[in-house]
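Trainee: Structure incoming, see below.
The values are calculated or read from the model by the stated rules, or taken from the named source; none is laboratory data. Because the structure is a prediction, the values reported are computed rather than measured. Don't worry about glycine lacking a Cβ; one is built from the backbone with ideal geometry, like all the others, and counts go over all protein chains shown. The accessibility values were calculated without ligands, DNA or RNA, using every heavy atom of the protein model including side chains. Shrake-Rupley method; radii C 1.70, N 1.55, O 1.52, S 1.80 Å.
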Amino acid sequence: MSGTDTTTAAGTATRAEYCVLACAEAWRDAGEILASPMGTVPMIGARLAKLTFSPDLLLTDGEARLIADVPAIGAAPRVVEGWLPYRQHLALVTTGRRHVMMGASQIDRYGNQNISCIGDWAQPKRQLLGVRGAPVNTLNNPTSYWVPKHSTRVFVERVDMVCGVGHDRAAAAGPSASRYHRLSDVISDLGVFDFETPDRTMRLRSLHPGVTVEEVVAATGFALTVPDDVPYTREPTAEELRLIREEIDPKGLRDREVPS
């Protein structure tokens, strides 16, 4: 497949704006759960979802407060509706009332994610964030991933260390691990992916306009399931583009994460 005209009623959507829209869709009709977006584009996406098709979504200021309004990225909230310190946030994670969108330094076909180190754990080539809360996130509440630069360095045959738990490892660990395990979406600057296959391996769900299947396959370090007819990520509406450009991200921070 190849790119199509991306002109909407409000002008031409950028690649970053398609990524924002795809991230927002991860929280469609989510109900009253906490959105935990990690990264600029996911943060914009969560705010867009809150302002459009997921009005009950809970947002935080990124620290310890639940906010009732939807401020622009970098702006202080005007309405604070609750207190969510670290202990309460962890308790919320274990009850499943949260959908986190984490980053991934590496991710494999089963959705195992690595944010800890590159190379052998005993003597890594690169030290990264550490495991952090990735195991608890993936085993207790819905988890999606955001990758701003899709490449074979990120989409790998085997992660160097498992932080976020993938479908194969959750199944092998038994019901205690798999009962609430749910990997929703993987969103990159090239497209949207899921695990809706018989063996729960990664599938290409949609291409961002202007991207081809061949580009995605070349940038992926494992055999990806590719349907015969891959759709494009849906077009943003004029109102969605207005919200992104004028209310949520008027400074255009999205374009720093995903350059046009």
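Trainee: If we keep just the residues of the range 214-260 that are in contact with a strand residue (DSSP E or B) (Cβ under 7 Å, 6 or more places away or on another chain) and part of a helix (DSSP H, G or I), which is most open to solvent (accessible area, probe 1.4 Å)?
Mentor: For the range 214-260, the residue satisfying everything is A238.
Trainee: Okay, moving on. Quick one: in the range 33-71, which of the residues that are touching a residue at least 40 places away in the same chain (Cβ under 8 Å), under 20 Å from T94 (Cβ atoms) and not hydroxyl-bearing (S, T, Y) is most open to solvent (accessible area, probe 1.4 Å)?
Mentor: Of everything passing the filter in the range 33-71, M38 is most open to solvent (accessible area, probe 1.4 Å).
Trainee: Right, something else. Touching a residue at least 60 places away in the same chain (Cβ under 8 Å), among the hydrophobic types (A, V, I, L, M, F, W, C), surrounded by fewer than 22 Cβ atoms within 10 Å (Cβ to Cβ) and under 25 Å from P236 (Cβ atoms): does that describe V20? First the steps, then the outcome.
Mentor: Details: touching a residue at least 60 places away in the same chain (Cβ under 8 Å): yes; among the hydrophobic types (A, V, I, L, M, F, W, C): yes; surrounded by fewer than 22 Cβ atoms within 10 Å (Cβ to Cβ): no; under 25 Å from P236 (Cβ atoms): yes.
No; evaluated as a whole, the condition is false for this residue.
Trainee: Also: Can you name the residue in the range 161-213 that is open to solvent by 10 Å² or more (accessible area, probe 1.4 Å), assigned to a loop (DSSP other than H, G, I, E, B) and among the small types (G, A, S) and is also nearest to I118 (Cα to Cα) among such residues?
Mentor: G174
Trainee: Counting only residues that are in contact with an Asp or Glu (Cβ under 8 Å, 6 or more places away or on another chain) and either crowded, with 18+ Cβ neighbours inside 10 Å or of a type in the set (G, A, S) (or both), which one in the range 117-144 is modelled with the highest pLDDT? Steps first, answer last, please.
Mentor: The first filter runs over the range 117-144 and keeps only residues in contact with an Asp or Glu (Cβ under 8 Å, 6 or more places away or on another chain), leaving 117-121, 124, 144.
After this cut, where a residue has to be either crowded, with 18+ Cβ neighbours inside 10 Å or of a type in the set (G, A, S) (or both) as well, the list is 117, 119, 144.
Working: C117: 95, G119: 94, S144: 98.
Across the range 117-144, the extreme among qualifying residues is S144.
Trainee: Can you name the residue in the range 91-114 that is assigned to a helix (DSSP H, G or I) and out of contact with any helix residue (DSSP H, G or I) (no Cβ under 9 Å at 6 or more places or on another chain) and, of all such residues, is farthest from M202 (Cα to Cα)?
Mentor: As a first pass, look at the range 91-114 and keep what is assigned to a helix (DSSP H, G or I): 91-94.
Narrowing the set further to residues that are out of contact with any helix residue (DSSP H, G or I) (no Cβ under 9 Å at 6 or more places or on another chain) leaves 91-92.
Values: A91: 30, L92: 28 Å.
Among residues in the range 91-114 that are assigned to a helix (DSSP H, G or I) and out of contact with any helix residue (DSSP H, G or I) (no Cβ under 9 Å at 6 or more places or on another chain), the one farthest from M202 (Cα to Cα) is A91.
Trainee: Return the residues of the range 219-238 that are free of Cβ contacts under 8 Å to residues at least 40 places away in the same chain and either in contact with a Ser or Thr (Cβ under 8 Å, 6 or more places away or on another chain) or within 18 Å of W146 (Cβ to Cβ) (or both); say none if nothing qualifies.
Mentor: From the range 219-238, those free of Cβ contacts under 8 Å to residues at least 40 places away in the same chain are 225-229, 231; that's our starting set.
T225, P231 - these are the residues of the range 219-238 that are free of Cβ contacts under 8 Å to residues at least 40 places away in the same chain and either in contact with a Ser or Thr (Cβ under 8 Å, 6 or more places away or on another chain) or within 18 Å of W146 (Cβ to Cβ) (or both).
Trainee: Considering only residues that are in contact with a Gly (Cβ under 6 Å, 6 or more places away or on another chain) and without any contact (Cβ under 8 Å) to a residue 60 or more places away in the chain, which ones fall in the range 161-203?
Mentor: Hits for the range 161-203 are G166, H167.
Trainee: For D199, all conditions in the list (1) farther than 28 Å from Y110 by Cα; (2) over 18 Å from the mean Cα position of the chain (by Cα) hold save one; what is the number of the exception?
Mentor: Checking D199 against (1) farther than 28 Å from Y110 by Cα; (2) over 18 Å from the mean Cα position of the chain (by Cα), the one that fails is (1).
Trainee: Okay, moving on. Quick check on the range 72-86: of everything there that is touching a residue at least 12 places away in the same chain (Cβ under 8 Å) and of a type outside the set (A, V, I, L, M, F, W, C), which residue is most open to solvent (accessible area, probe 1.4 Å)?
Mentor: Among those that are touching a residue at least 12 places away in the same chain (Cβ under 8 Å) and of a type outside the set (A, V, I, L, M, F, W, C), it is Y86.
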